[in-house]
Amino acid sequence: MANVIDIAGLPPERIVFSPSPLAELGAALHVLSEPGHHPGLHGWATATTSALKPDLADRLCEADFLWRTARSDLLLPAAPGATLAEELDALDRIDDETFVAAAFEIACSPSYTRQTPSPLVDAGERARVLEMAAARGPRQAAFTDRMLEDPDGLRVWLRRLLEDCDQAFFADTWRRVRIQLAADARHKAELLRRKGLAEALASVSAALSLSADGDSILVDKLVGGRTTAYGDGVTFIPTAFGWPHLVVLHAPGWRPVIQYPVATPELPAPAALELVQRRLEALAHPMRMRLCRTLARGPHTTGELSESYGITPPEVSRHIAVLKKAGLLTTRRRGRYVLHQLDLPSVARLGSDFLESVLR
């Protein structure tokens, strides 16, 4: 499954790599609300959370559906500004109906890829949003009521919240990471100019690729979707707070935006979803699990496995073939014997690969 961004006929200059203070703040707020997703940032999250004033922590809790479960499109500017204030000014220029609809797309929409009416003007959508918000908790329900009853006042409140975050912790964080993010964006843009889009996408993430006909960007994620970039372009935003997430804005009528984690030597490359699924399916069979128990202890031949488990050599061979196709076995020949052994590093990574896949 994949997200597909149609780029047929799109000029290369419409593909932009740029850091964004607002997008980075959104990513940082997600880390604070879900530190379990980001074990490498545990120290930063703990220190930042402990230093927050109680009032600011309470207000962040009220609005956390904008960044906790997923990232609101409002926090992914298609035209990044040089400063957080510039990007907040751009948010202020969005009309109320669009703003409110975007705020509830992530939290309450049944289908992100299907355009729904604004709850400010559609009674059915308003009732549905209120019901969904109530299930998230009393604070989120109160926040939703305020946004629907007084969108202008709530937007002022939300801007002040983000500005207070900037003053409390994000300004220092942004000064620390912005040079790295700007350098990464320049490097990707240079790759695009010199070697083409396929090379640039590969440098962004192993989960990104160019279709065979060159007309689409493919994003390897569990949830599929389709959008077009023709006429608008595509924006790529690097983040130091992203891994394991690869955030894709592909809502109808919005310019596609991809926020990607900046690669560092300690971060593993994302595994292909198809490979993770194949490995989980291979291990789901009870006999293959039993074979793995033996193969984890050392190399064995098909005949040895057949005798140990009381099944025929052809049956063992079929199970071995499934495990090999999933990349869970290593094989070597010794004379006329073929020895199979469990690939322990691949198996050890399976848990983290699965978690990275579902969080991507």
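Looking only at segment 9-43, which residues are in a helix (DSSP H, G or I) and farther than 19 Å from VAL247 by Cβ?
Across segment 9-43, the qualifying residues are PRO12, GLU13, ARG14, HIS42, GLY43.
List the strands (runs of 3 or more DSSP E) inside segment 203-264, counting only whole elements, that have at least 1 residues being open to solvent by 20 Å² or more (accessible area, probe 1.4 Å) and among the basic types (Lys, Arg). Steps first, answer last, please.
Details: elements: 208-210, 216-219, 225-228, 234-239, 247-249, 257-261.
Fully inside segment 203-264 and qualifying: 225-228.
Quick test of your reading of the structure: ALA2 fulfils all but one of (1) at pLDDT 95 or above; (2) of a type in the set (Gly, Ala, Ser); (3) in contact with a strand residue (DSSP E or B) (Cβ under 7 Å, 6 or more places away or on another chain). Name the failing condition by number.
(1)
Take the residues in segment 126-140 that are buried (at least 18 other Cβ atoms within 10 Å of the Cβ) and either at pLDDT below 85 or hydroxyl-bearing (Ser, Thr, Tyr) (or both), then tell me which one is nearest to PHE99 (Cα to Cα). Don't jump to the end; show me each part of the working.
To start, the set of residues in segment 126-140 that are buried (at least 18 other Cβ atoms within 10 Å of the Cβ) comprises 126, 129, 132-133, 140.
Subsequent filtering for residues that are either at pLDDT below 85 or hydroxyl-bearing (Ser, Thr, Tyr) (or both) retains 129, 132-133, 140.
Working: VAL129: 14, MET132: 18, ALA133: 17, GLN140: 17 Å.
Per the criteria, the residue is VAL129.
Looking at this structure, is ALA27 touching a Ser or Thr at 6+ places or on another chain (Cβ under 9 Å), open to solvent by less than 20 Å² (accessible area, probe 1.4 Å) and among the small types (Gly, Ala, Ser)?
The answer is yes for ALA27.
What residue, among those in segment 302-360 that are of a type in the set (A, V, I, L, M, F, W, C) and more than 33 Å from the chain's Cα centre (by Cα), is farthest from ALA271 (Cα to Cα)?
My answer is ILE311.
Which members of segment 251-309 meet the condition of being of a type in the set (Val, Ile, Thr) and within 30 Å of ALA183 (Cβ to Cβ)?
Within segment 251-309, VAL257, ILE258, VAL262, THR264 meet the criteria.
For ALA2, are the conditions met, namely being among the hydrophobic types (A, V, I, L, M, F, W, C) and either free of Cβ contacts under 8 Å to residues at least 12 places away in the same chain or over 29 Å from GLY137 (Cβ atoms) (or both)?
In short, yes.
Check whether at least one residue in segment 119-142 is in a helix (DSSP H, G or I), over 27 Å from LEU32 (Cβ atoms) and basic (Lys, Arg), and report yes or no.
Step one: of segment 119-142, the residues in a helix (DSSP H, G or I) are 123-134, 138-142.
Applying the additional criterion that residues be over 27 Å from LEU32 (Cβ atoms) yields 123-128, 131.
Now restrict to residues that are basic (Lys, Arg): 126, 128.
Checked segment 119-142: at least one residue is in a helix (DSSP H, G or I), over 27 Å from LEU32 (Cβ atoms) and basic (Lys, Arg).
Looking at (1) touching a Lys or Arg at 6+ places or on another chain (Cβ under 8 Å); (2) over 30 Å from GLU24 (Cβ atoms), can you tell me which one ARG290 breaks?
(1)
Only one of GLY351, GLY298, GLY310 is more than 30 Å from HIS245 (Cβ to Cβ), without any contact (Cβ under 8 Å) to a residue 24 or more places away in the chain, of a type in the set (Gly, Ala, Ser) and out of contact with any helix residue (DSSP H, G or I) (no Cβ under 6 Å at 6 or more places or on another chain); which?
GLY310
Considering only segment 313-344, state which residues are part of a loop (DSSP other than H, G, I, E, B), without any contact (Cβ under 8 Å) to a residue 12 or more places away in the chain and among the hydrophobic types (A, V, I, L, M, F, W, C).
Of everything in segment 313-344, nothing turns out to be part of a loop (DSSP other than H, G, I, E, B), without any contact (Cβ under 8 Å) to a residue 12 or more places away in the chain and among the hydrophobic types (A, V, I, L, M, F, W, C).
The values are calculated or read from the model by the stated rules, or taken from the named source; none is laboratory data. Please read these numbers as outputs of a predicted model, since none were measured by experiment. Cβ atoms come from the backbone with ideal geometry, glycine included; neighbour counts cover every protein chain shown. Protein only, heavy atoms only, side chains kept; ligands, DNA and RNA dropped before computing areas. Shrake-Rupley method; radii C 1.70, N 1.55, O 1.52, S 1.80 Å.
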